[in-house]
Amino acid sequence: MATSYPTSNIPMPAPPDPMSSYMMFPNPLKTVQQRDEEERVILFPEQSFGMGTDTYQYAQYLDNYWRLFHPSFPIIHKPTFRGATESPMLKAAILAIGAQYTDDAAAKAKSRSLYDRCLKLLDQV
């Protein structure tokens, strides 16, 4: 025997949107290229790599990263790393770490500045 109950006149709030927590960026409609360009402007505003106009420095810091840091913390898949065309945030992190493995105090200061810009960018997300 089926029982019928009267409906309530109490308004029911809509359930929360389960997809709302997946919207990490303020404008989810931006392309990867647009986000990369915005990151590049923040991370490397004055020079091509943020560490100096000399690409030798870039190569030196990248080499320091792979030789001195990566063996202890292999968090990046080296065969698929694209170097200069990699995302600005990843490139900045690698350069900042690699620069810490020099004896040059100026390089370490630039590394710290780049690190601070990375944190500033991450705070915007």
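Condition test on ASP63, is it surrounded by fewer than 16 Cβ atoms within 10 Å (Cβ to Cβ) and in a helix (DSSP H, G or I)? Let's see the steps before the verdict.
On the way: surrounded by fewer than 16 Cβ atoms within 10 Å (Cβ to Cβ): yes; in a helix (DSSP H, G or I): yes.
Spelling it out, ASP63 is indeed surrounded by fewer than 16 Cβ atoms within 10 Å (Cβ to Cβ) and in a helix (DSSP H, G or I).
Would you mind stating whether PHE69 is surrounded by 13 or more Cβ atoms within 10 Å (Cβ to Cβ) and modelled with pLDDT under 85?
Details: surrounded by 13 or more Cβ atoms within 10 Å (Cβ to Cβ): yes; modelled with pLDDT under 85: no.
Criteria not met by PHE69.
Checking the condition at pLDDT 80 or above, among the hydrophobic types (A, V, I, L, M, F, W, C) and assigned to a helix (DSSP H, G or I), which residue from ILE42, ILE76 passes? Reasoning before the result, please.
Numbers: ILE76 fails: assigned to a helix (DSSP H, G or I).
After applying the criteria, what remains is ILE42.
I'm trying to understand the selection: among the residues of the range 94-105, which are surrounded by 11 or more Cβ atoms within 10 Å (Cβ to Cβ) and in a helix (DSSP H, G or I)?
First, pick out the residues of the range 94-105 that are surrounded by 11 or more Cβ atoms within 10 Å (Cβ to Cβ): 94-102, 104.
Scanning the range 94-105 gives ILE94, LEU95, ALA96, ILE97, GLY98, ALA99.
Output yes when any residue across the range 112-119 is over 20 Å from VAL32 (Cα atoms), of a type outside the set (Lys, Arg), surrounded by fewer than 17 Cβ atoms within 10 Å (Cβ to Cβ) and at pLDDT 90 or above, and no when none is.
Pass one, the range 112-119, residues over 20 Å from VAL32 (Cα atoms): 112-116.
Those still in the list that are of a type outside the set (Lys, Arg) too: 113-116.
Imposing the further condition that a residue be surrounded by fewer than 17 Cβ atoms within 10 Å (Cβ to Cβ) reduces the set to 113, 116.
Next cut, at pLDDT 90 or above only: 113, 116.
Checking the range 112-119: at least one residue is over 20 Å from VAL32 (Cα atoms), of a type outside the set (Lys, Arg), surrounded by fewer than 17 Cβ atoms within 10 Å (Cβ to Cβ) and at pLDDT 90 or above.
The values are calculated or read from the model by the stated rules, or taken from the named source; none is laboratory data. Note that the structure is a prediction, hence the values are computed from the model and not measured. When we count neighbours, we look across all protein chains shown, and the Cβ atoms used for this are built from the backbone with ideal geometry, even at glycine.
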